[in-house]
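Below is one structure, written out as structure tokens, with a few remarks after it.
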Amino acid sequence: MEQLRAPDGCPWDLEQNYDSLKKYLVEEAYEVIEAIDTKDFDQLAEELGDLLLQPVFLAQIAKEEGRFTINDSLNAINEKLIRRHPHIFGTGVANTADEVKQRWDEIKKQENVKKGKQAEGLLGSIPRSMPALSEAREISRRAAKAGFDWENSQQVIDKLHEEVEELSRAESQEKKEGEIGDLLFVLVNLARFHGVDPEEALRKTNTKFRQRFSHVEKRLEEQGREPETSTVSEMELYWQEAKQKQ
């Protein structure tokens, strides 16, 4: 990266900055996730390399500006892992994953106090740039941990029916958007009650839909036809055919 960013280096690399690299950081992270989903470990090895390039690239820009180096970033995470795992590197005790998470949060809070960071509130530290489903999952998880929650999943289902009814009565586009947002948020909570990651669940459903629709396209292609010129009932027939194969 130093050579690519040198004055006589690559014109494209020299044009990049913190903001221009954000989209590549996100894209590479999703490509890593896809490799994990497909269990393509050769691809995973390659995608991890692509993902690692982004921190190196960003740190190189910071180094040129005299801010920090990649070594500072690596040292910071090493030190953080040691501080937040006193049950491994110190005399602390944590026998379950929940105990580890609780201790992690406590230590994080103490660190923020030492840094002089003002308390953000329970939800303040959740990044607004997260995918919406993931953000909703974390918001609901933290609120529930504080006691703001339904008593059981049936109450969530009742709330779900209530939101569907409110959506059916919505008239303006703005109101419909709000009600659909409320509906999605309740679904995220329902997923939490069932121990399901909504982002992961939707990603798997997306994959399933892709596979089934691809089957529909192939079956129509065998007849010299396309989805645009076929009826819904015809496509549904092949959809069910694909469903039986999964």
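The values are calculated or read from the model by the stated rules, or taken from the named source; none is laboratory data. Values in this document were obtained by computation on a predicted structure and should not be read as measured data. All Cβ positions, even for glycine, are placed from backbone atoms using ideal geometry, and neighbour counts span all protein chains on display.
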Being farther than 30 Å from E2 by Cβ and within 23 Å of the chain's Cα centre (by Cα): is that true of K80 here? no
Name the single residue, out of those in region 178-237 being in contact (Cβ under 8 Å) with a residue 60 or more places away in the chain and surrounded by 14 or more Cβ atoms within 10 Å (Cβ to Cβ), that is nearest to the chain's Cα centre (by Cα). E199
First in region 100-123 and within 18 Å of K145 (Cα to Cα), second anywhere and of a type in the set (G, A, S) and at pLDDT below 85, Cβ under 9 Å, 6 or more apart: K108/S125; K109/A119
Would you check which residues across region 187-216 are closer than 23 Å to E162 by Cα and of a type in the set (K, R) and list them? R192
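For region 143-152, give me each residue that is exposed (fewer than 14 other Cβ atoms within 10 Å of the Cβ) and not acidic (D, E).
Passing the criteria: K145, A146, G147, F148, N152.
Within the group A45, A76, A94, A62, which residue is of a type outside the set (D, E, K, R), out of contact with any helix residue (DSSP H, G or I) (no Cβ under 8 Å at 6 or more places or on another chain) and surrounded by 15 or more Cβ atoms within 10 Å (Cβ to Cβ)?
A62
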Answer from I107, I126 - the residue that is at pLDDT below 95 and either touching a Pro at 6+ places or on another chain (Cβ under 8 Å) or on the phi > 0 side of the Ramachandran plot (or both): I107
Checking L160 against (1) in contact (Cβ under 8 Å) with a residue 40 or more places away in the chain; (2) surrounded by 15 or more Cβ atoms within 10 Å (Cβ to Cβ); (3) aliphatic (A, V, I, L, M): exactly one of these is not met. Which one? (1)
